Amino acid sequence: MLFVKYFMLFLILVASVLLGKNIARKYVNRLKELEEMRTALNIFRSKVSFTYSPIPEIFEEIAKDSKGNIGKIFSVASKKMEKVTANIAWSEAINEVDSNLNKEDKKILENLSKLLGQTDVEGQISQIDITQKFLDNQIQDAIDEKQKNEKLYSKLGITIGLAIVVVLA
């Protein structure tokens, strides 16, 4: 019976540590996704400037080159462009794909859709540049949040787990 009790306490400790690490990992993943989006927008800007390829083709190429959720956003947007306009497809893709981006990040990325496919090349490039400047600010915020909260939640998970174990032991 004592073995079962200690085993359950050990499981509680492990679960709380993993929960803390999982919350901390979201800050790391948000930063990675923002940096991947900045890279993807650089590729998009270059392709719009020099290749004059249609937006759905560019998005498919970016989706193949990008990893994880950012690639999914571009892939979903590309597929949606078969039925709706580029600006609607982009906006819907941003909101449909489950990512680590917060509401403010998504709002900034949605602003890109205002001129997407509706203006000339220069208008689209300027909108991409504006979006990238806002993304740079979000990346800096994500770095600050990561530094502040990553260790906090990791240690908080351990501390809460130990407190529960001490109380129940």
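In table form, for the structure just shown:
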item: Gyration tensor verdict on region 75-133 (Cα atoms; rounded if a/c is under 1.5, prolate if a/b is larger than b/c, oblate otherwise); result: oblate
item: Pair Ile88, Lys133: separation of 7 Å Cα→Cβ label points (nm); result: 3.1
item: With Cα atoms, 0 to 90° folded angle of helix 121-168 axis to the chain main axis; result: 10
item: Region 1-62, Cα convex hull volume normalised per residue, Å³; result: 83
item: Karplus (6.51, -1.76, 1.60) ³J(HN,Hα), θ = phi - 60°, over region 68-83, in Hz, Gly and Pro reported as x; result: x, 5, 5, x, 5, 4, 5, 5, 4, 4, 4, 5, 5, 5, 5, 10
item: Between helix 86-96 and the chain: long-axis angle, C-alpha atoms, 0 to 90°, nearest 10; result: 0
item: Relative contact order of region 1-132, pairs being alpha-carbon contacts under 8 Å that are 6 or more residues apart, as %; result: 22
item: Selection from Pro56, Val166, Ile128, by position along the positive dipole direction of region 23-169 (Cβ); result: Val166
item: Glu122 versus Ser53: modelled label distance in nm, points set 7 Å from Cα along the beta carbon direction; result: 2.5
item: Acute angle (nearest 10 degrees) that the helix 2-50 long axis makes with the longest principal axis of the chain, alpha-carbon atoms; result: 10
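Read-outs: derived from the displayed coordinates by stated rules, not from any lab. On a predicted model such as this, the values are computed, not experimentally measured, just so you know. For neighbour counting, all protein chains shown are included, and Cβ atoms are generated from backbone atoms with ideal geometry for every residue, glycine included.
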